[in-house]
1. My understanding is that a pair violates if its Cα-Cα distance is over 19 Å; which of 96/145; 87/126; 43/220; 101/329 do that in this structure?
2. In a Gaussian network model over the chain where Cα atoms closer than 10 Å are linked, find which of 215, 90, 333 has the largest mean-square fluctuation.
3. Give a quick list of GluC sites (Glu not before Pro) in region 367-444 that DSSP marks as loop, anything other than H, G, I, E or B, with at most 14 other Cβ atoms within 10 Å.
4. Using a ≥ b ≥ c from the Cα gyration tensor of region 6-330 (square roots of the eigenvalues), is it rounded, prolate or oblate, where a/c under 1.5 gives rounded and otherwise the larger of a/b and b/c decides, a/b for prolate?
5. Taking only Cα atoms and a 10 Å spring cutoff, compute GNM fluctuations for the chain and point out the largest among 137, 178, 106.
6. Describe numerically, in nm with one decimal, the distance between label points set 7 Å from Cα along Cα→Cβ at residue 225 and at residue 76.
7. What value, in deg cm²/dmol to 500, does the helix sum -39500 (n - 2.57) over DSSP H runs of n ≥ 4 give at 222 nm once divided by the residues of the chain?
8. Relative to the Cα centre, what is the charge dipole magnitude of region 6-330, using +1 at the beta carbon of each Lys and Arg, -1 at the beta carbon of each Asp and Glu, and rounding to the nearest 20 debye?
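Any read-out appearing in this document is the output of simple, stated calculations on the displayed coordinates, not a laboratory observation. This one's a predicted model, so the numbers in the text were calculated from it and none came from an experiment. A quick note on method: Cβ atoms are made from the backbone with ideal geometry, for glycine too, and the neighbour counts reach across all protein chains shown.
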Amino acid sequence: MIKRKCSNISIIILLFIIPFTGKTQNIVEPGNHEKMEWFKDAKLGIFIHWGIYAVDGISESWAFHNHYISHEDYMKQLNGFTAENYKPKEWAKLIKESGAKYAVITSKHHDGVALWDTNEDHFSVKKNTPAGKDVLTPFVNALRKYDLKVGLYYSLIDWSYPDYPGFLRDKPRYSNDTARWNKFIRFNMNQLNEITTQFNPDLYWFDGDWEHSAEEWSAKEIRENILNHNPKAIINSRLQGYGDYATTEQGLPVTKPKDKYWELCMTMNDSWGFQHNDLNYKTPNQIIRIFVDCIGMGGNLLLDIGPKADGTIPAEQEEILKELGRWTKKHKEAIYGTEAGIPLEHFYGRTTLSKDKTMLYLFVEGKPNGPVALKGIKNKIHRMYVVGNGTMLNFDIKGKLYWSSVPGICYIDLPEHTLDEQVTVIAVLLDGPVELYREDGQIIESN
Ligand code: GLC
């Protein structure tokens, strides 16, 4: 009893400490989980890195920070950002076609150049580039027209702002100057306020929080301001412990992340922004399989595109989005609104479950050399069919003995003509919520 009390107390203490230490990335306030529902059901988002870095095709902001080019030369790219073929409605349409439910665009990267018409005395594509206009508003409007949720990426870091301490990797502007830092924070808060009031994003995607602590950024206040304006706004984890969901980058987790809500952001090639020289694209097949891994582990994929400086989307990226769209449309019932699937021991591939857990979806990669096996399912299986194709499948349960509680192995015949060219999905309709056999087997009791 005493022990129990102690652990309850420590849990309460932990609940108070965690949000302030930055140890956890999900601090969705109790009672506010319903705001996460659309995000959890969305599964696919498209990330957009669009900025002056696309002019020369060099790495976004890091190119000068890491001394690959001088800051002066980096900023010369302002002169080449024309956006002359920019068609925000077509971007939104393509995103919709890919099957994504939300998009996240770089309103401002670490280089400090705003895509919207900021009132602050700092760079923007309207003031400082031949584009000469706010390119963010029409895109936000187009997303809403297509019923897509609006995510705005905002870099806390601003390496071009004269009062921000960080500049070149090994050359900070200053290390201890409260007055200058406060000036920067005022500027940062003002820009964020513009974002909040002008765009009211459904999702705030912060970046660059690693350069300062939560207190220095005023992270708590940033969160409060956002939620005061819109209690339903979702905030990613890069706010020093004040976000709602975990944001992992590039590396696909292989075991289910502990966070309830998570998203993998990933490039199609090796760059976030457009780079002429980076043709190291993942194939649609690889991307779809990575996507399947994410949804099988209950997460989202935020897949990045990097439009060119004139506003066109590179052909390779468009092709990937279209093939992804074909696949997500065909398999929508196995994707949206599903939950993480069953452990890999039961099926050697990823799975998802319907919310009521009576429908199990098996994702089959490649061409099986024999029947597909499903193990340890205690339920009665009512029927099976190929998702998006409708073919009813024959299956056969082998090795189920009358005296044993170990379920037999279910062998499923998956005819070649039903295979999808990327990943085939089998729907398994159960007699109730899935029940798994996770014991150690049984010894003989009869014969
Ligand atoms: C990193 C980089 C940045 C990129 C971001 C996307 O934090 O600083 O260049 O925009 O990841 O996740």
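1. From the list (96/145; 87/126; 43/220; 101/329), the Cα-Cα distance tops 19 Å for 43/220.
2. 215
3. Sites meeting the loop and neighbour criteria: 421, 435, 439.
4. Values: a/c = 1.56, a/b = 1.05, b/c = 1.48.
It is oblate, given that a/c is not under 1.5 and a/b is not larger than b/c.
5. Sorting by GNM fluctuation, first place goes to 178.
6. 3.6
7. -8500 deg cm²/dmol
8. Using only the charged Cβ atoms, the result is roughly 900 debye.
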